[in-house]
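The values are calculated or read from the model by the stated rules, or taken from the named source; none is laboratory data. Please read these numbers as outputs of a predicted model, since none were measured by experiment. Every residue, glycine among them, receives a Cβ derived from its backbone with ideal geometry; neighbour counts consider all protein chains shown. For accessibility, only protein heavy atoms count, side chains too; no ligands or nucleic acids. Shrake-Rupley method; radii C 1.70, N 1.55, O 1.52, S 1.80 Å.
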Amino acid sequence: MQKKIVAIHDISCFGRCSLTVALPLLSATGIQTSVIPTAVLSTHTGGFKNQTFHDLTQDIEPIAEHWKSENIDFDAIYTGYLCGPTQVCAVISALEHIKTDSNLLITDPVMGDNGELYSGFSLSYVSYMLRLCQKADIITPNITEACLLTGIAFKDKDYGQDYIEKLLNKLYSLTNAKIILTGVSFDERKIGVAIFEEGEISYVFAEKQPVSFHSTGDIFASVLGASILHGRSIKASAQIAVNFVSLCIKQTTLQKSDKRYGVNFEENIPHLLKYLENL
Ligand code: PXL
């Protein structure tokens, strides 16, 4: 049976993030992908200024309510960037109509990077995002977001496994979710994720690229969700997702494009499909 997912994010019209990443990647892997666009922006907020912004908060719950009345259901729900506390509340209300005991909620608590909140967010936003994470089956924070959610101080580089495991344990005690902590790196050659699942902690890594780009988290979470829906374990899916992100960054670096434009995942989709072969 073909799997169905709904991706709930903004549409940043330019800049390869949120729905313009999730929709093509999930669809390319053969998953029927529906969307709830939460806002339309001319660009993302990571480095562009004065973007247009059209808020669609009022549509979020009615869309889900309509689907429920039509008996439309999903195998998974994937939430990403949301435009503030009111929007998180609207998503939580929408979940009342589409979340069931048997479908999977993957929440990427997109709030910041490099120890800082993204522009436009204030600290009060964090408690709302935590409420959404508490409803999720799987959460995919980066280290900055994990620190915001737990109140643990941010460390940029000089950390060890004890620091990562403290973040995972605290996140688990707050959310009860399976956790995939992204952007974990203990040496200059490798970067990857730490996974907390059923009380066990494991790691997967890929080749670290010298440059970091905007919105690689959206590529990671979309590929992770796709692979899980195709029946792979969380760990195997995380490995595919980190390999794919690393490959996309490598190719993009060769093309010397503006970092705000995101990474060239489009031309790498054939490689992703190879990684996902033999399901
Ligand atoms: O991918 C994260 C993201 C999504 N949407 C918007 C953003 C960002 C990150 O900055 O600004 C509008």
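Tabulated values for the structure
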item	result
Proximal charge balance of Arg16 [Cβ under 15 Å; K/R count +1, D/E count -1]	-3
Asp59-Tyr163 pseudo-label distance in nm [points 7 Å out on the Cα-to-Cβ vector]	4.2
Mean shadow area of the chain, taken as a quarter of the surface of its Cα convex hull (nm²)	13.6
Carbon plus sulfur fraction of accessible area for the stretch 216-279, probe 1.4 Å, in percent	53
The stretch 54-205, accessible area per residue, ligands and nucleic acids excluded (1.4 Å, Å²)	47
Kirkwood-based shape ratio for the stretch 205-279, expressed as Rg/Rh from alpha carbons	0.97
Inter-centroid distance (Cα atoms) of the stretch 149-208 relative to the stretch 28-84, Å	28
Relative contact order [Cα under 8 Å, 6+ residues apart], the stretch 57-114, whole percent	48
Amide N of the stretch 200-224 lying under 19 Å from the label point, which is placed 7 angstrom from the Cα of Glu116 along Cα→Cβ	211-217
FRET efficiency, 1/(1 + (r/R0)^6) with R0 45 Å, evaluated for Leu273 and Ser124 via beta carbons	0.60
Dmax and Rg, reported as Rg then Dmax, of the stretch 99-165 (C-alpha, Å)	13.0, 41
Rounded FRET efficiency, nearest 0.05, which uses the C-beta distance separating Arg260 from Gln134 and R0 of 35 Å	0.60
Qualifying trypsin sites (Lys or Arg not before Pro) for the stretch 15-79 [loop in DSSP, other Cβ within 10 Å: at most 13]	Lys49
Residue-wise HN-Hα coupling along the stretch 71-83, computed from phi with Karplus coefficients 6.51, -1.76, 1.60 (Hz; x: Gly, Pro)	6, 7, 10, 9, 7, 8, 10, 10, 9, x, 4, 10, 9
Heavy-atom accessible surface of the stretch 89-173: percent carbon and sulfur, 1.4 Å	44
Over the stretch 50-185 - Rg/Rh using Cα atoms and the Kirkwood inverse-distance radius	1.00
Percent of beta bridges antiparallel (DSSP, the stretch 1-102, rounded to nearest 5)	20
